[in-house]
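The values are calculated or read from the model by the stated rules, or taken from the named source; none is laboratory data. From a predicted model like this one, the values you see are computed outputs, not experimental measurements. Quick reminder, even Gly has a Cβ in these numbers, built from the backbone with ideal geometry, and neighbours come from all protein chains shown. Keep in mind that these areas ignore ligands, DNA and RNA; they rest on the heavy atoms of the full protein, side chains included. Shrake-Rupley method; radii C 1.70, N 1.55, O 1.52, S 1.80 Å.
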Amino acid sequence: MDMTPGEPGNEKDRLCNENMTSLYNVKDTGKPVHEKGRLCNSSNTNGFLADQAAFSSTIDALFFLIMISIVAVLLMPSIMADNQYEAAGYTVTQEFDTHLLESLLGSSADEFEYKIAPLAVVNISIPSNTITQDPIKTLFTKEQKHRTFVDLVAESMILNLMMDNNGSGVYLNPITKEHPNATCDMIRSYLDSTIEGRYNYRFESHWYPVSGFPLGSDIIIGDAFPSDSIRQNAKLTLPFTDVALKHDIFEEVNDSVLSDALESSSNETMRIKLHDGFNNSIDVAARGSAGMIVRSTFPSAYLLSLNKTIPDTQNNQSGIISVPEGADILDPDLVVAACLLNYTANTVAGMDMEIPGDRILSGLVSLVEEGLVSAIQEQVAFQLKADMSGEINRTVYDIINGGDFDNAKVLRDIQVQSICKRVNYGDVDIELILWQ
């Protein structure tokens, strides 16, 4: 049924019109606002006030960001300057470190002095019937002038050689164990006077003749250093001629040995022959290295010069008035030599032999020297064979499976060169570290 708007029957439309009138015609009529409209207007007013608070917070945040930006702009030159100063300081320190290391190695060490005290090393006191009254100053003090630090470091590396003996270090030449201490004192004195407290420093020098074998010497001066320290490195080559020659190492697995192995009736026979050839090469290399080490540290020439007996010494000293007639006089050189031979033979080489204290014979010196060479050779060869077993196994496998003689020679040469590098390391590694 159609109904006309505004008629009494249309109650719903009437209420709607009243609400609309109350909402939109408040100012015109001046009538009280409809309750629903009043609540609506009240809600809108509260929302507007809340929005004003939000605007205020936003403005404060923007103002804070602007202030931060201004501060950053003002501080940026200072921040950049700090980085520049740091970079410049690093460069200056690096240049100073380079100059300092070069200056150190090229400078002379005047008035260098060290003491030889062999008897204290082997826990033997000087007999009361020796003619030496002050052995520290008369016999056992060595003074050298105008030696460069390069000379002192090289000499110290040789005289300070130690080898592992059941977890403890054993000097190969105990009579000069004070030499490294004197060298450290000279280097420390030079660095202290040159640096004058501007930097902290650490000086290191290392020499290990056989790579991976625990026989070597070290000089370490200074404390532990941070990871961002400045480092300068140098290498010092020791002038050795008695080293393991590549030709001698090569001969144990030369072309004839290689050809004979490749012509074997089975792969197993071939493998055994190749392994024997490379192991023999290691034995030769170890022998050459051990000979170089012993000839550098064992004073055979000095000991052979003492080829004399006590009666000879007594006759030579019989004219000294202060010596009572018939006294048993011992030559201090002979005492030192006997102690050194006893230490080398029994402590280092493990020969378990008795060394006479009244005579030095050439045969005895040669016997002890050869025993020391054999002991070092055995240990070096054992270490190298253990370290290089996997490498040699791969080389033998590649030769067997290659089946070509020319390819086998290439692989053989690479393996022999690898063995040579392990035993012919004559370079002393020197490092100077600075930090603030």
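The table below lists the values:
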{"read-out": "Residue tally, condition farther than 26 Å from residue 216 by Cβ and at pLDDT 90 or above, over the range 401-434", "value": "11"}
{"read-out": "Selected residue (only one of 219, 249, 175, 272 is touching a Pro at 6+ places or on another chain (Cβ under 9 Å), outside any strand (DSSP E or B) and more than 17 Å from residue 100 (Cα to Cα))", "value": "175"}
{"read-out": "Test: residue in the range 386-396 that is aliphatic (A, V, I, L, M), assigned to a helix (DSSP H, G or I), at pLDDT below 95 and open to solvent by 10 Å² or more (accessible area, probe 1.4 Å)", "value": "no"}
{"read-out": "Given (1) open to solvent by less than 60 Å² (accessible area, probe 1.4 Å); (2) assigned to a helix (DSSP H, G or I); (3) over 18 Å from residue 264 (Cβ atoms), number of the condition residue 432 does not satisfy", "value": "(2)"}
{"read-out": "Sole exception among (1) over 27 Å from the mean Cα position of the chain (by Cα); (2) touching a residue at least 60 places away in the same chain (Cβ under 8 Å); (3) open to solvent by 80 Å² or more (accessible area, probe 1.4 Å) for residue 262, by number", "value": "(3)"}
{"read-out": "Residue match in the range 224-233 (condition: surrounded by 14 or more Cβ atoms within 10 Å (Cβ to Cβ) and assigned to a loop (DSSP other than H, G, I, E, B))", "value": "yes"}
{"read-out": "Meets criteria (in a helix (DSSP H, G or I), surrounded by 17 or more Cβ atoms within 10 Å (Cβ to Cβ) and more than 34 Å from the chain's Cα centre (by Cα)) for residue 372", "value": "no"}
{"read-out": "Residue satisfying all of: in the range 265-287; closer than 30 Å to residue 211 by Cβ and of a type in the set (Asp, Glu); surrounded by the fewest Cβ atoms within 10 Å (Cβ to Cβ) among these", "value": "276"}
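Rundown of residues vs (1) surrounded by fewer than 18 Cβ atoms within 10 Å (Cβ to Cβ); (2) at pLDDT 75 or above, yes/no style:
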| site | (1), (2) |
| --- | --- |
| 106 | yes, yes |
| 114 | no, no |
| 125 | yes, no |
| 142 | yes, no |
| 149 | no, yes |
| 156 | no, yes |
| 173 | no, yes |
